[in-house]
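*Asks:* Supplied in structure tokens, the structure appears directly below.
The numbers here are math on the coordinates, done by the rules we state, and not lab data. A quick note: this is a predicted structure, and the numbers were derived from the prediction, not measured. A quick note on method: Cβ atoms are made from the backbone with ideal geometry, for glycine too, and the neighbour counts reach across all protein chains shown.
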Amino acid sequence: MSKAILYPSWQTLQDAILSCTACQLCQGIQNKVPGQGNPNARLMLIGEGPGAQEDQQGLAFVGAAGQLLTRMLEAIGLTREDVFITNIVKCRPPGNRQPKPEEAQRCLPYLRSQWALIKPQVILLLGATALQHTISPDARITSARGHWVQRGAVWMLPTYHPAALLRDPAKKRDAWQDMQMVRDKLAELAS
Ligand code: URA
């Protein structure tokens, strides 16, 4: 991930995201979607980019995939208020296409800053875009999922994007195993 400037406080970071015009994505949006939840979360979740409902509400993961994500968190005893949920890009790509590499690169300093301020112990990477922009551009979600990657003090676990689980419910079994790994890692790190 890029090593660009880090914003010193939550407010300067939030202001920078909300006023950002660093790429073209901001031109067609209704709202920026910085991410939301607990700024002191032990668990951070990173998706790809806002969809239509997220763009309307300015909140990450509030559509169908987000509702599934809420249930997955609840299954390991967490609420959305316990965690921080954000995306690789903070503006909705038109037609829900994947963010282009240059769009992701422009946006990644915000994610790095969120990460630096929150200092999560565990990061759950939701899908290939989150995986490739944090761990390696060559990584594949099918082989990387369910395997921990340690970066400094942070444990990162790639898993399927909840939208992929909605498209292919057969993947839910693996996703449940990944959620259990997250639950167990949080317990281990707390003890
Ligand atoms: N998909 C994502 O990757 N992020 C959201 O916020 C919503 C759907």
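*Asks:* Could you figure out which of (1) over 20 Å from residue 54 (Cβ atoms); (2) more than 15 Å from the chain's Cα centre (by Cα); (3) assigned to a helix (DSSP H, G or I) isn't true of residue 165?
*Replies:* (1)
*Asks:* Looking at (1) within 12 Å of the ligand (Cβ to nearest atom); (2) in contact with a Leu (Cβ under 8 Å, 6 or more places away or on another chain), which is the one condition that is false for residue 43?
*Replies:* Only one criterion is unmet by residue 43, namely (1).
*Asks:* Only residues in the range 136-162 that are free of Cβ contacts under 8 Å to residues at least 60 places away in the same chain count as the first member; pair them with residues that are among the basic types (Lys, Arg), Cβ under 7 angstrom, at least 6 apart or cross-chain, and list the lot.
*Replies:* Close Cβ pairs satisfying both conditions: 155/185; 158/145; 159/145; 160/145; 160/171.
*Asks:* A further question follows. Is it the case that the range 133-147 has a residue that's part of a loop (DSSP other than H, G, I, E, B) and hydrophobic (A, V, I, L, M, F, W, C)?
*Replies:* Yes: one or more hits.
*Asks:* Could you tell me how many of the residues in the range 56-73 are near the ligand (Cβ under 9 Å from one of its atoms), in a helix (DSSP H, G or I) and surrounded by 14 or more Cβ atoms within 10 Å (Cβ to Cβ)?
*Replies:* 3
*Asks:* Related question: Kindly indicate whether any position in the range 74-86 is outside any helix (DSSP H, G or I), out of contact with any strand residue (DSSP E or B) (no Cβ under 9 Å at 6 or more places or on another chain), in contact (Cβ under 8 Å) with a residue 60 or more places away in the chain and buried (at least 19 other Cβ atoms within 10 Å of the Cβ).
*Replies:* Looking for residues that are outside any helix (DSSP H, G or I), out of contact with any strand residue (DSSP E or B) (no Cβ under 9 Å at 6 or more places or on another chain), in contact (Cβ under 8 Å) with a residue 60 or more places away in the chain and buried (at least 19 other Cβ atoms within 10 Å of the Cβ), one finds none in the range 74-86, hence no.
*Asks:* Tell me, please, whether a residue that is buried (at least 16 other Cβ atoms within 10 Å of the Cβ) and touching a Ser or Thr at 6+ places or on another chain (Cβ under 7 Å) can be found in the range 1-16.
*Replies:* Yes, the conditions are met somewhere in the range 1-16.
*Asks:* Would you mind stating whether residue 106 is under 21 Å from residue 61 (Cβ atoms), in contact (Cβ under 8 Å) with a residue 12 or more places away in the chain and part of a helix (DSSP H, G or I)?
*Replies:* For residue 106, the condition - under 21 Å from residue 61 (Cβ atoms), in contact (Cβ under 8 Å) with a residue 12 or more places away in the chain and part of a helix (DSSP H, G or I) - is not met.
*Asks:* For the range 149-159, enumerate the residues that are more than 13 Å from residue 44 (Cβ to Cβ) and surrounded by 12 or more Cβ atoms within 10 Å (Cβ to Cβ).
*Replies:* Those that are more than 13 Å from residue 44 (Cβ to Cβ) and surrounded by 12 or more Cβ atoms within 10 Å (Cβ to Cβ): 149, 158, 159.
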